[in-house]
1. Could you please let me know if A:D259 is in contact with a helix residue (DSSP H, G or I) (Cβ under 8 Å, 6 or more places away or on another chain), charged (D, E, K, R), over 30 Å from A:H191 (Cβ atoms) and open to solvent by 40 Å² or more (accessible area, probe 1.4 Å)?
2. Can you name the residue in segment A:185-214 that is touching a Pro at 6+ places or on another chain (Cβ under 7 Å) and open to solvent by less than 10 Å² (accessible area, probe 1.4 Å) and is also nearest to A:V7 (Cα to Cα) among such residues?
3. If you take the residues in segment B:1-24 that are surrounded by fewer than 18 Cβ atoms within 10 Å (Cβ to Cβ) and within 12 Å of chain A (Cβ to nearest Cβ), which one is farthest from A:D219 (Cα to Cα)?
4. Right, B:R40: at pLDDT 85 or above, within 16 Å of the chain's Cα centre (by Cα) and of a type outside the set (A, V, I, L, M, F, W, C) or not?
5. Which of the residues spanning segment B:94-114 are surrounded by 13 or more Cβ atoms within 10 Å (Cβ to Cβ) and within 23 Å of the chain's Cα centre (by Cα)?
6. Quick one: A:R31 ticks every box in (1) farther than 18 Å from A:Y83 by Cα; (2) surrounded by fewer than 24 Cβ atoms within 10 Å (Cβ to Cβ); (3) touching a strand residue (DSSP E or B) at 6+ places or on another chain (Cβ under 8 Å) bar one, so which box is it?
7. Mind counting the residues in segment B:72-82 that are within 13 Å of B:I21 (Cα to Cα) and either open to solvent by 30 Å² or more (accessible area, probe 1.4 Å) or not aliphatic (A, V, I, L, M) (or both)?
8. Just give me the residues in segment B:88-131 being of a type in the set (K, R) and at pLDDT 85 or above, in sequence order.
Amino acid sequence: MAEAFVVETIDLQKHFGRKRAVDGLSLCVPRGSVYGFLGRNGAGKTTTIQMLMGLLQPTGGSAQVLGLDPLRDYVEVHRRATYMPEQPSLYEWMTVEQICRFASQLWPTWNQKRCLELLDRLELSPRDRISTLSRGMKGKVQLVLALSPEPELLLLDDPTSGLDAVVRREFMEGIIGALADTGATVLFSSHIIDDVERIADHIGIIDGGKLIVQSPLDDLKEKITRVTVSGGNGALTADLGHIVSQEQVAAERVLLVQDLVRAAVEKLQQSGAEVGTGAASLEDIFVAYVSHKGETS
Amino acid sequence: MLLDIDPQDSVPIYAQIIRRIKWGIASGALADGSQLPSVRELATRLRVNPNTIVKAYRELEYEGFVQRRHGQGTYVSASGEAVQAEREEVVAEVIDRAAEVAVAVRLSEEEACRLLSQAMGRHRDAIRPEAGELQHG
């Protein structure tokens, strides 16, 4: 119960033939956190989550979930952690009510009151047959099944992809309500930055199967500054700090700088440059890390 | 309530919430003794992590703006001086930027003060249309 990290992987690897889908991933998800796992399509998010749930066998490295081995302790992991796959996988021939009853028998911790509340809040009719539901409604059913057992850990694989704005909102509200009541740890992968920026307190960015950033969100925002420079001695920008990315937009150079050196800004201004500094959004940061590999100096 | 947040702002979300609540207290919209929304309610409404709300409320309590009563909720509890100090602080923050510009363009203090009082007059009329109407009528 007392592990500081609910999910901990060390040098986790998964190769499919010659492709390294996950390539030396060391992930630490603190207990009670909401961990936003960001990456482009094909970055390795789904493969990682499937290994955490024991659905795939790692090629190398190790993974611990709730202090357990997802393969050896498969049943125990699935009892205490729930998982929402990217594509809803439900028995199409069941009604909403039937599938809830079926699932309730699999989890000793199932909370029927929460289940009914969620069905009501998400506007799901118990009598509807799964096969007749839209993609968004099926996603909602899957969410009810993931939240009703009141898991210690909730793994959501891009839960809001393909949902319209209204459903996405209901979805996030459902997750937040459950979080407030149970204090579960959540790891969710997403490419919808706004959702992540609102509810995540920890961020991991994965690219090419490797974790390139892992940090509390507030620290990340504090560390990274967006700097615009025009004119002056351009060579001096190299001293601004660790440059995560830079691009030229007309006469202006836009840089994302980690641990900005204030003195270097002044020096640059003294050389006649016009320098602006401001906040970087998570989107800026995400794009900077995954599309450029930093300065090659 | 006047609460909304911008997740893309560089100001962390908990700090944005603190700022909004202090504004509410300074403006009188949140009267002394009034109850703030529960953590669950506010987290759901703003679609943010409940821990973020807890952090904001804890900080507000530490600074003496609210009181958390165990099992009952969080209540505004700010002394007259604290409220006055906060009113001055929120205004001082924006005036600082105006002052910087005023100095840069070499405006005299009298001219800057005149602009400030004109602007305040306009906003007073905008907030209380009935008072404005009376003056015009």
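The values are calculated or read from the model by the stated rules, or taken from the named source; none is laboratory data. The structure presented is a predicted model; accordingly, all values stated were derived computationally and were not measured. Glycine gets a Cβ as well: all are built from the backbone with ideal geometry, and neighbour counts include every protein chain shown. Ligands, DNA and RNA are excluded from the accessible area calculation, which covers all protein heavy atoms including side chains. Shrake-Rupley method; radii C 1.70, N 1.55, O 1.52, S 1.80 Å.
1. Numbers: in contact with a helix residue (DSSP H, G or I) (Cβ under 8 Å, 6 or more places away or on another chain): yes; charged (D, E, K, R): yes; over 30 Å from A:H191 (Cβ atoms): no; open to solvent by 40 Å² or more (accessible area, probe 1.4 Å): yes.
Against the criterion (in contact with a helix residue (DSSP H, G or I) (Cβ under 8 Å, 6 or more places away or on another chain), charged (D, E, K, R), over 30 Å from A:H191 (Cβ atoms) and open to solvent by 40 Å² or more (accessible area, probe 1.4 Å)), A:D259 does not qualify.
2. At the first step, the residues of segment A:185-214 found to be touching a Pro at 6+ places or on another chain (Cβ under 7 Å) are A:188, A:194, A:197-198, A:201-202.
If we keep only those that are open to solvent by less than 10 Å² (accessible area, probe 1.4 Å) too, we end up with A:188, A:197.
Values: A:F188: 12, A:E197: 21 Å.
The qualifying residue nearest to A:V7 (Cα to Cα) is A:F188.
3. The residue in question is B:D4.
4. Working: at pLDDT 85 or above: yes; within 16 Å of the chain's Cα centre (by Cα): no; of a type outside the set (A, V, I, L, M, F, W, C): yes.
Taking the combined requirement at face value, the residue does not satisfy it.
5. B:I95, B:A98, B:A99
6. With (1) farther than 18 Å from A:Y83 by Cα; (2) surrounded by fewer than 24 Cβ atoms within 10 Å (Cβ to Cβ); (3) touching a strand residue (DSSP E or B) at 6+ places or on another chain (Cβ under 8 Å) applied to A:R31, the lone miss is (1).
7. Taking segment B:72-82 and keeping what is within 13 Å of B:I21 (Cα to Cα), we get B:74-78.
If we keep only those that are either open to solvent by 30 Å² or more (accessible area, probe 1.4 Å) or not aliphatic (A, V, I, L, M) (or both) too, we end up with B:74-75, B:77.
Residues meeting the conditions: 3.
8. Applying the first criterion (of a type in the set (K, R)) to segment B:88-131 yields B:97, B:106, B:114, B:122, B:124, B:128.
Of everything in segment B:88-131, those that are of a type in the set (K, R) and at pLDDT 85 or above turn out to be B:R97, B:R106, B:R114, B:R122, B:R124.
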